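Contents: one structure, followed by commentary.
What follows is calculated from the coordinates using simple rules that are stated; it is not laboratory data. These figures come from a predicted structure and were not determined experimentally. Neighbour counts run over all protein chains shown; Cβ positions are idealised from the backbone, glycine included.
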Ligand code: 4AD
Ligand code: MG
């Protein structure tokens, strides 16, 4: 019976065939212990000299790491058996080598990050990377599942665009015949057109930002889901966000216990993630940061937490704020001057806008940026001028406000930042199969 390691539980006492790769191997006298992985998990396949012919035993004894193989044997339940999920092993009866690997460069010993990144095409096979990328796939599926079952229509928005939406300093410019174009920083502006046809929409795809900073939170190519909703104000938007994020976390908890175990991620850190999430204003946040700064004795930390009203948050500010809560926290009402041109100002206090960032706990920081959008075409035009953007490129966008304009809101959630937080891992570069950063375009 052909099966997968994930399904071994169903075949105890039966003969099965597994197709995969040799992850690791040890031997002891008449026994060779092979750790075999097949994409769905890892299991121990034990070759006992007495059970196989001489040639098979010799092959097993010398098989190099990452050789591809097909093993057939009987499934035994043994709580001590290592692996993922573990607890089951195969008593090998026959072994077919599909290809003998040659000197695989990533051995079970420690390697430096640059070496591993240069070998990313191989590194993705390692257990931690495997677990992270499986969680990533669950996160993406949970996002789509939640949006699709809540009436959102998926729209594809262009990747080649004529203008900026999230600031002009991090645009990737590409030649476009005799003209130039930019890789999309967001699909939002197009989704603002799409809501007038479909009500509730989302786009989900890669986005590009020429981020010159080298931080553990920034990629130059990352995946973002962007829901946009007609007849929706900021308060309603936050309810949508907290429901979707909770659904993502609960889906990972339900489906990826093995992966979380591999990652050493305590599920108790995630189990309580459910609505409502705390909400604080930017004004409150600045006051809290000032209080934290006053309390700290460490001069370096004092410096990092420095803030005056009107400044955007840096990573240290976000980190400090999230440590005050055990759930993601919304920060609303940022200064209009530090946010994108399209965010609706508060009518009684136009220096702040109806914006919200969602900061993930445990120091992870921003995973969502969202806002209510400007409805008034004249104000929108003024904001475009104020930010020095070319009016002509936004004509279609301004025109949306003239034909049945409504209050509307939307947000963007970064997939890799969300995966980094849920997995409790250090650096965003491991949350995408082939990361792109300022210093890396290979492999
Ligand atoms: O806050 P941002 O820039 O918002 C927008 O792009 C809006 N147009 C979204 C919308 O309202 N439709 O980006 C949204 C999210 C961030 O919160 C973060 O999770 C992620 O995208 N993000 C990045 N992730 C990895 N690397 C980067 N360089 C990122 N920049 C933003
Ligand atoms: Mg943002």
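So how tilted is helix 188-198 from the main axis of the chain? Cα-based, degrees 0 to 90, rounded to 10. Tilt of helix 188-198: around 90 degrees. Classify region 252-306: rounded, prolate or oblate, from the alpha-carbon gyration tensor (a ≥ b ≥ c, eigenvalue square roots; a/c under 1.5 rounded; otherwise prolate if a/b is larger than b/c)? Because a/c hits 1.5 or more and a/b fails to exceed b/c, region 252-306 counts as oblate.
Potential lengthening of the chain between residue 53 and residue 113 amounts to 17.4 nm, from the contour at 0.36 nm per residue minus the alpha-carbon distance. Secondary-structure-derived ellipticity at 222 nm for the chain, considering helices only, amounts to -9000 deg cm²/dmol, per-run term -39500 (n - 2.57) for DSSP H runs with n ≥ 4. For the chain, set up a GNM with springs between Cα atoms under 10 Å and report which of 272, 247, 111 has the largest fluctuation. In this elastic network of the chain, the residue with the biggest mean-square fluctuation among 272, 247, 111 is 111. Ranking of 140, 34, 343 by neighbouring Cβ atoms within 10 Å, starting from the fewest: 140, 343, 34. Kindly work out what percent of the DSSP beta bridges joining two residues of the chain are antiparallel, to the nearest 5. Among the beta bridges of the chain, antiparallel pairing accounts for roughly 90 percent.
Note on residue 250 and residue 141: the model spin-label points, each 7 Å out from Cα along the C-beta direction, lie 1.8 nm apart. The stretch between residue 349 and residue 124, if pulled fully straight at 0.36 nm per residue, gains 76.0 nm over its current Cα-Cα span. Relative to the longest principal axis of the Cα atoms of the chain, the long axis of helix 377-386 makes an angle of roughly 80 degrees.
Dividing the Cα radius of gyration of the chain by its Kirkwood radius returns 1.06 for Rg/Rh. Compute the Cα gyration tensor for region 152-300, then decide on rounded, prolate or oblate, letting a ≥ b ≥ c be the square roots of its eigenvalues: rounded whenever a/c is under 1.5, prolate when a/b is larger than b/c in the other cases, and oblate in all that remain. Note, shape of region 152-300 comes out prolate. The order of 173, 239, going from fewest to most other C-beta atoms within 10 Å of their C-beta, is 173, 239.
Extending 7 Å from Cα along the Cβ direction at residue 214 and again at residue 106 yields two label points whose distance is 2.2 nm. Contact order for the chain, expressed relative to its length and based on alpha carbon pairs under 8 Å spaced 6+ residues apart, stands at 14 percent. If a/c stays under 1.5 just call it rounded; otherwise compare a/b with b/c (prolate if a/b is bigger, oblate if not). Do that for region 123-214, with a ≥ b ≥ c from the square roots of the Cα gyration tensor eigenvalues. The shape class here is oblate.
Residue exposure proxy: 168, 40, ordered by other Cβ atoms within 10 angstrom of their Cβ from fewest to most, comes out as 168, 40. Averaging the Cα positions of each part gives two centres, and for region 346-389 and region 241-263 these lie 29 Å apart. Annotation for residue 300 and residue 324: the two label points, set 7 Å from Cα along the Cα-Cβ direction, are 2.4 nm apart.
Against the main long axis of the alpha-carbon atoms of the chain, helix 127-149 sits at an angle near 50°.
A Förster distance of 35 Å, applied to the separation of the beta-carbon atoms of residue 4 and residue 99, puts the FRET efficiency at 0.95.
Scaled against 2.2 N^0.38 Å for its residue count N, the alpha carbon radius of gyration of region 60-172 is 1.66. Note on region 5-99: Kirkwood hydrodynamic radius from all Cα pairs is 12.8 Å, rounded to one decimal.
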